[in-house]
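Asker: Quick one: this structure, given as structure tokens, is what I'll be asking you about.
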Amino acid sequence: MAALSMTGFDHALKTMYSERKVLSLIFKDNPFLAKVAKNMKFGGRTKNLDVVYSPGAGEGAVFSTAQANVGGAKGKQFAITRKNSYALRQIDNEVIEASEIDEGVLLKALKLEGDSAIQQLNNSLGGAMFQDGSGKIGEITINVSYPASGDEALLATTDDVVNFYEDQKLVVAASTAATPRAGTLTISKRNEVTGVLTMSADLNDVSDGIPAITTGDSIFTEGRYVAASDKLNLVGLGGWIPATAPTAGDDFFGVDRSADPTRLAGYRFTNTGSYSGYNTIDAVKLLCRMIGRAGFTPDTAFMSHERLDGLIAVLGAKVQYNKQVVPIHNAKGKLIAEVGFDAVRVHTPSGVVDCIADRSCPNATVFVLKMDVWSLWSLGQTVKWISDVSGAKTRTRESADGVELRLVSRSNLTCCAPGCNGRFDWS
């Protein structure tokens with residue numbers, strides 16, 4: 001039997017990873033990513049999104065006065081740009097040639113690398129939907145137990161450990177507005193329970209570490225944060241509804257949202273002052289009350305699994321579940337799959353809200369949203385294999401003895417009415 005040709009290899013990839021399977025694997029563990037509407041016609045370098053935040057003047061009980069005061073609606077235009085997220089895998093030609101003896105060896109290798117590439121985009125896209133576009137995936141803690149001279153880094157938030165993996169290369173910066181510190185670190189192992197990352201060298205090693213690393217530094221995957229204030233990644237809920245209200249000089253897709261921080265950047269509350277002691281249900285009802293007061297009807301809340309578990313415990317015998325089935329369409333609009341999620345229903349002043357656990361939602365934050373104002377814009381399919389001019393999804397590596405698989409998402413999250421949404425944060 002002859003070794004599998006590149007044509008046969010490409011056919012095996014297409015058969016093993018149809019668009020239905022790729023999208024099902026990406027969406028099934030990421031409820032917000034799955035539920036958000038998809039627009040797969042994001043052409044051009046940028047796409048303008050018009051947001052009206054004030055109806056304008058010109059109303060009253062006296063016609064002449066209303067006419068004298070008339071003014072146009074107030075709006076802002078967001079210049080949305082696409083962001084690329086890649087997952088690349090390589091297979092040695094020796095494995096391909098071995099298919100002459102056992103074709104199963106190649107198919108196993110293809111499945112291993114294909115599954116891991118999809119899982120990596122599954123994690124990065126799902127996480128990005130809740131982040132601010134900076135690419136920050138954690139924050140480092142250095143103390144007596146974990147000094148900079150050792151090879152272990154303790155994450156400030158243990159839950160962030162899911163963003164890290166073995167052999168991942170990291171950079172750090174004092175903040176998401178600071179220049180990256182010189183040097184990189186490589187993870188050799190991690191502890192998901194304690195949030196401890198072990199590096200291949202001491203954290204502050206001159207040659208293989210980051211000499212200036214310190215407590216409070218923000219952590220990024222190398223290549224996702226290159227210069228001060230970078231926004232190289234998909235801008236998620238953390239960017240559209242920031243924890244801190246925008247101030248003068250804000251530049252979000254070309255818009256200064258300080259003109260109306262609520263209508264242009266959503267509501268935000270914390271468990272301080274009047275809201276001290278608020279639990280998850282309190283937070284959801286507060287946000288729904290405020291959003292409803294503005295004339296909008298939120299319908300969905302996203303939170304961590306831990307928070308949803310606590311919410312269920314508080315509801316007790318009154319808990320109500322709602323099974324949600326989300327249709328998945330391809331770029332041609334054809335229904336190709338469905339994924340389902342369980343939601344807990346909470347009755348609020350603005351109606352019933354479905355509360356859903358999303359593994360990527362920070363444990364200290366609950367987002368309450370009006371889902372029909374959100375859309376994920378992408379250039380073609382949300383996630384797709386990169387093809388060459390001939391349409392082949394695999395390509396020969398010019399600098400090595402092997403082939404390469406390339407998976408990409410060229411997309412960004414948009415919101416046509418940020419004021420319909422809000423967040424509550426616990427410190």
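Asker: Could you say which residue among Leu286, Leu308 is within 19 Å of Asn421 (Cβ to Cβ) and either outside the structural domain of Ala357 (by TED's automatic domain parsing) or touching a residue at least 60 places away in the same chain (Cβ under 8 Å) (or both)? Even if it seems obvious, please write down each step before you answer.
Answerer: Values: Leu308 fails: either outside the structural domain of Ala357 (by TED's automatic domain parsing) or touching a residue at least 60 places away in the same chain (Cβ under 8 Å) (or both).
The match here is Leu286.
Asker: Now a separate question. Of the residues in the stretch 281-304, how many are β-branched (Val, Ile, Thr) and more than 19 Å from Met371 (Cβ to Cβ)?
Answerer: 1
Asker: Let me ask another. Which strands (runs of 3 or more DSSP E) sit wholly inside the stretch 355-427 and have at least 1 residues that are of a type outside the set (Lys, Arg) and within 21 Å of the chain's Cα centre (by Cα)?
Answerer: 365-369, 374-378, 402-415, 422-425
Asker: Go through the stretch 251-268 and give me each residue that's among the hydrophobic types (A, V, I, L, M, F, W, C) and surrounded by fewer than 18 Cβ atoms within 10 Å (Cβ to Cβ).
Answerer: Once the filter is applied, which keeps residues that are among the hydrophobic types (A, V, I, L, M, F, W, C) and surrounded by fewer than 18 Cβ atoms within 10 Å (Cβ to Cβ), the stretch 251-268 yields only Ala259.
Asker: Right, here's the next one. May I ask you to list pairs of residues, at least six apart or on different chains, whose Cβ atoms are under 6 Å apart, with the first in the stretch 158-185 being closer than 19 Å to Asn233 by Cα and the second being of a type in the set (Lys, Arg)?
Answerer: Within 6 Å, the pairs are Phe164/Arg190; Val172/Arg181; Thr176/Lys136.
Asker: On the basis of being farther than 30 Å from Tyr267 by Cβ and touching an Asp or Glu at 6+ places or on another chain (Cβ under 8 Å), does Gln324 make the cut?
Answerer: no
Asker: Which one of these is farther than 30 Å from Arg410 by Cβ, in a helix (DSSP H, G or I), modelled with pLDDT under 95 and among the hydrophobic types (A, V, I, L, M, F, W, C): Ala317, Ala283?
Answerer: The conditions single out Ala317.
Asker: If only one of Ser360, Ser378, Ser350, Ser390 is in contact with a strand residue (DSSP E or B) (Cβ under 7 Å, 6 or more places away or on another chain) and of a type in the set (Ser, Thr, Tyr), which one is it? Spell out the reasoning first.
Answerer: Numbers: Ser360 fails: in contact with a strand residue (DSSP E or B) (Cβ under 7 Å, 6 or more places away or on another chain); Ser350 fails: in contact with a strand residue (DSSP E or B) (Cβ under 7 Å, 6 or more places away or on another chain); Ser390 fails: in contact with a strand residue (DSSP E or B) (Cβ under 7 Å, 6 or more places away or on another chain).
Answer to the selection: Ser378.
Asker: Being out of contact with any Lys or Arg (no Cβ under 8 Å at 6 or more places or on another chain), among the aliphatic types (A, V, I, L, M) and modelled with pLDDT of 95 or more is the filter here, so list the residues in the stretch 363-383 that pass it.
Answerer: Passing the criteria: Ala364, Leu369, Val373.
Asker: Just the residues that are touching a residue at least 24 places away in the same chain (Cβ under 8 Å), surrounded by fewer than 16 Cβ atoms within 10 Å (Cβ to Cβ) and over 19 Å from Asp425 (Cα atoms), please, taken from the stretch 227-250.
Answerer: Ala227, Ala228, Ser229
Asker: Counting only residues that are modelled with pLDDT under 90 and exposed (fewer than 13 other Cβ atoms within 10 Å of the Cβ), give me the helices (runs of 4 or more DSSP H) lying completely in the stretch 1-120 with at least 1 of them.
Answerer: Ranges flagged: 6-16, 93-97.
Asker: Scanning the stretch 219-263 for residues that are among the small types (Gly, Ala, Ser) and more than 20 Å from the chain's Cα centre (by Cα), which turns out farthest from Leu170 (Cα to Cα)?
Answerer: My answer is Ala259.
Asker: May I ask you to verify whether Val344 is surrounded by fewer than 18 Cβ atoms within 10 Å (Cβ to Cβ), among the aliphatic types (A, V, I, L, M) and assigned to a strand (DSSP E or B)?
Answerer: No: the conditions fail for Val344.
Asker: Might you let me know whether the stretch 270-277 holds any residue that is small (Gly, Ala, Ser), in a loop (DSSP other than H, G, I, E, B) and either free of Cβ contacts under 8 Å to residues at least 12 places away in the same chain or farther than 28 Å from Leu315 by Cβ (or both)?
Answerer: Within the stretch 270-277, one or more residues are small (Gly, Ala, Ser), in a loop (DSSP other than H, G, I, E, B) and either free of Cβ contacts under 8 Å to residues at least 12 places away in the same chain or farther than 28 Å from Leu315 by Cβ (or both).
Asker: Right, next: Is it the case, given these coordinates, that Lys332 is touching a helix residue (DSSP H, G or I) at 6+ places or on another chain (Cβ under 8 Å) and of a type in the set (Lys, Arg)?
Answerer: Taking the combined requirement at face value, the residue does not satisfy it.
Asker: Where the second residue is part of a loop (DSSP other than H, G, I, E, B) and at pLDDT 90 or above and the first is within 19 Å of Val373 (Cβ to Cβ) and charged (D, E, K, R) and lies in the stretch 18-43, which pairs have Cβ atoms under 7 Å and are six or more apart or on separate chains?
Answerer: Listed by first residue and then by second, the contacts come to Lys38/Thr382.
The values are calculated or read from the model by the stated rules, or taken from the named source; none is laboratory data. The structure displayed is predicted, hence computed values, not measured ones. Note: ideal-geometry Cβ built from the backbone for every residue, glycine included; neighbour counts use all protein chains shown.
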